[in-house]
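The structure under discussion appears below in the form of structure tokens.
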Amino acid sequence: MPTLLLLGAGGLAREVLASLRQTQEYRIYGFLDDDRGLHGTMVDGVPVLGGLGGAAKYPRCSFLACAGSGTVRAGMVQILARAGVGEERFATFIAPGVSLTGSCTVGAGSILLAGTVLTAAVTVGRHVAVMPNCTLTHDDVVEDYATLTAGVCLGGGVRVGAGAYLGMAATVRQGVRIGAGTVVGMGSAVLRDLPGGQTWAGVPARELKRLQTTLPGTVPAAATDGKDPR
Ligand SMILES: CC(C)(COP(=O)(O)OP(=O)(O)OC[C@H]1O[C@@H](n2cnc3c(N)ncnc32)[C@H](O)[C@@H]1OP(=O)(O)O)[C@@H](O)C(=O)NCCC(=O)NCCS
């Protein structure tokens, strides 16, 4: 049985651990986490062995980056690369209770938690986190380091850009593209393509800006050449 080290010892890592325990797929060797306060402690019965920079000390282990944020997962992969641990050492975890058909692909380092369904010709990139009960329908593409939190629902032909973060129970209309690094708030309904690097929320989803309304004594940001009027 292959041996696995989980990177990070937070909420997603503990969920992955609980789910891994339902399978005989891997022997869990421990966590690596850069929080020194955790070193030498046990988290859910598994030891925190040290920081990520020590990953090369475990040449027989595979790894899984288990942070809830794609940016943090990308940082973990970089730390391991600097320590001489390459992409080929990353496992992929598809939890029991995930439904996916043979026309779907899931990249190395990705995590799919229970209750998630991938219907047909869905492409999931590398180091993507898909939390419980997400629905990815035909021809969806989820790029590297994207995060779909619990209950996200994608219509057919949706493209989720690299590192994008979709909050709980967000829904996306068929054919829509979400730009790289964009955050979609929980419970939102996304009806149109979203540019990268922004935060959108609501039903229908609209961009969240610091100044959304005209307060007494102010003017909207859009009317000030981008300068904050306050
Ligand atoms: C969208 C989000 C990132 C915004 O967070 P934030 O920048 O801290 O924003 P705030 O909470 O300060 O709210 C800013 C405004 O947006 C509104 N807003 C925030 N989240 C919203 C949402 N999901 N839908 C609609 N409106 C929302 C707030 O009501 C507030 O409006 P106001 O200025 O008129 O009062 C956050 O609310 C969210 O939805 N995060 C995802 C949470 C999640 O799914 N976590 C999963 C954990 S596993």
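Coordinate-derived values only; no laboratory data. On a predicted model such as this, the values are computed, not experimentally measured, just so you know. Here Cβ is always computed from backbone atoms with ideal geometry, including for glycine, and neighbour counts include all displayed protein chains.
For the stretch 168-209, the set of residues classified as among the aliphatic types (A, V, I, L, M), on the phi < 0 side of the Ramachandran plot, within 12 Å of the ligand (Cβ to nearest atom) and in a loop (DSSP other than H, G, I, E, B) consists of Met168, Ala170, Met186, Val203, Ala205, Leu208, listed by residue number.
Could you tell me whether any residue of the stretch 47-57 is within 20 Å of Met168 (Cβ to Cβ), buried (at least 17 other Cβ atoms within 10 Å of the Cβ), touching a residue at least 12 places away in the same chain (Cβ under 8 Å) and touching a strand residue (DSSP E or B) at 6+ places or on another chain (Cβ under 8 Å)?
no
Here the condition is being within 16 Å of the chain's Cα centre (by Cα), within 13 Å of the ligand (Cβ to nearest atom) and closer than 22 Å to Ser19 by Cα; of Ala146, Ala150, Ala108, it holds for Ala150 alone.
Take Gly157 and decide whether it is part of a loop (DSSP other than H, G, I, E, B), farther than 11 Å from Ala146 by Cα, of a type in the set (Gly, Ala, Ser) and within 8 Å of the ligand (Cβ to nearest atom).
On the way: part of a loop (DSSP other than H, G, I, E, B): yes; farther than 11 Å from Ala146 by Cα: yes; of a type in the set (Gly, Ala, Ser): yes; within 8 Å of the ligand (Cβ to nearest atom): no.
No, not satisfied.
Only a single item in (1) touching a residue at least 60 places away in the same chain (Cβ under 8 Å); (2) within 16 Å of the ligand (Cβ to nearest atom) is not met by His127, and it is number (2).
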